[in-house]
Each structure stands twice: as C-alpha cells, then as structure tokens.
Amino acid sequence: LALTRSVGVLILIPLLIEYFDINFSSLRISFKKIKFDILYLALIPAGLLLYMTYLYIKFGDALAFSHAGSSGWNRKITSVLATLRSVKTYGAFYRVLFIGFIVLSLLLLAYLIYRKVRMSYIIYSAALLFIYLSSNLLESVPRYISIIFPLCIAIGLLSYESSYARTAFLLFFASLLT
C-alpha cells in the first residue's frame, strides 16, 4: 500500500493499534504481545522508503513525487480550513459535490463512532480525511474519500439496517457512474 501511494504509510496506525491491543477506555498498551513478528510492520514504511530511494537514484530528489504535485498540479499542503475556503472558486455543481462528499464522510465517520466500530478504523479514517483535506485542491477529494475502507463499512452497516439507506446509497453511487 505504501509502495503505491504515499499516504499508504498511514495503514501503520491501525495496525500498530491492533498489534499492541491498545485499550482506549483505560489508555493501556499491552507490550507483552511484542514478538519477532512486529518486524513485518516495518515493511509498510519500507515500501515508501524504497520508492524514495529509487527517485533519489533516478532523479536526485527523494521527494520528486511531492515536488511534481506542487509544480505540475499546484498541489501543496495547507490547512483544512484553507482547503474548505477554496470551494468558492468552483461552480455551484462542484461546490455541492465537494462539500457533499466531505459532509457525507464526516457523517459516516460519526456513525462509525456511534456503532462502536474498532477505534483503529476510526483513527485511520480520520487521519486519511485530514490528509486529503489538507491539500489545497478539492477536485480529487471525492475520489480519495471513496477508498477509505472504514467508510465503506459504515455504508454497508447502514444499508443492512435500513432499506431507505440502501436505496439512497444505490441511487447516489449509480449517479456517479453517469
């Protein structure tokens, strides 16, 4: 995951939470479970580091993927509020689309909290949303949000519980195919 997308290293967060069996109600971490297999988790950032090494050898810049995004597509890291303020530069349809996706993802995240889904999933979703919304452009936000798998779990849970939600999600996602 980290080899194909730079934000893939964030998968390390829920995996560490699950590995250490962190209890969030008492904030206890179980270090007794640490074994040699923890080294497998080092493979996650190793993918990104391997790619950065390749970029350094090939182009002399380990962060070429980041610099290409900032120079070619005018992407840069900014605050979430600055990104949300940039919505006024888009037409009405895109304003509704971008803000709608953001609001839907926040509602789905709240639903995950309400349903007491694994805290590692909630933290992972929140971290990804924060990273995606820290870009200065909103064009890719719906595409990025659509791959946050805990939000897909929330959609599945809602669809299972309510036929109205199932129909609404079917119509919504079918409209995206056109």
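The values are calculated or read from the model by the stated rules, or taken from the named source; none is laboratory data. No experiment lies behind these values; they were computed from the predicted model shown. Cβ: placed from backbone, ideal geometry, glycine included. Neighbour counts: every protein chain shown. Side chains are part of the model used for accessible areas, which takes the heavy atoms of the whole protein and leaves out ligands, DNA and RNA. Shrake-Rupley method; radii C 1.70, N 1.55, O 1.52, S 1.80 Å.
If you count, for each residue, the other Cβ atoms within 10 Å and average over each peptide, how do 123-130, 168-175 line up from highest to lowest?
By packing density, highest mean first, the sequence is 123-130, 168-175.
Go ahead and collect, in residue order, the members of segment 115-147 whose backbone nitrogen is under 13 Å from a label point 7 Å along the Cα-Cβ direction of Tyr94.
Only 137-142 fall inside the zone, counting backbone N under 13 Å.
For the chain, what does the relative contact order come out to in percent, with C-alpha contacts under 8 Å and a separation of six or more?
22
Quick one: P(r) of segment 31-95 from all Cα-Cα pairs, 10 Å bins, percents rounded to integers, in order of increasing distance.
17, 25, 24, 24, 10, 2
Return the lysines within reach of Lys76: Cα separation strictly under 26 angstrom, same-chain partners fewer than 8 residues apart disregarded; answer none if there are no such residues.
Candidates past the 8-residue exclusion: Lys58, Lys88.
Dimensions of segment 131-170 along principal axes (Cα, Å, largest first)?
Principal extents (Cα only, largest first): 37, 17, 11 Å.
Heavy-atom accessible area of Arg75 with all protein chains present, probe 1.4 Å, nearest 10 Å²?
Number for this one is 60 Å².
Students sometimes get this wrong: rank Met119, Met52 by accessible area, probe 1.4 Å, all chains present, largest first.
The ordering from most to least exposed comes out as Met119, Met52.
Which value in nm describes the separation of the simple spin-label points at Ala127 and Tyr56, placed 7 Å from the Cα toward the beta carbon?
The modelled label-to-label distance comes out at 2.3 nm.
In deg cm²/dmol and to the nearest 500, what is the mean residue ellipticity at 222 nm of the chain if only DSSP H runs of at least 4 residues count, each as -39500 (n - 2.57), divided by the residue total?
-19500 deg cm²/dmol
Need one number: convex hull volume per residue for segment 21-69, Cα atoms only, in Å³.
Each residue corresponds to 106 Å³ of Cα convex hull volume.
Scale the Cα Rg of segment 74-164 by the rule-of-thumb value 2.2 N^0.38 Å and send over the ratio, two decimals.
Numbers: Rg = 13.8 Å, N = 91, 2.2 N^0.38 = 12.2 Å.
The reported ratio for this selection is 1.13.
Output wanted: per-residue J couplings in Hz (rounded whole) for segment 78-85, from phi through Karplus 6.51 cos²θ - 1.76 cosθ + 1.60, θ = phi - 60°, x for Gly and Pro.
Rounded to whole hertz, the list is 9, 7, 4, 5, 5, 5, 5, 5.
Over the C-alpha atoms of the chain, what are the Rg and the largest Cα-to-Cα span, Dmax, in Å?
When restricted to Cα atoms, the chain yields Rg and Dmax of 18.8, 55 Å.
What accessible area, in Å² to the nearest ten, does a 1.4 Å probe give for Leu49?
100
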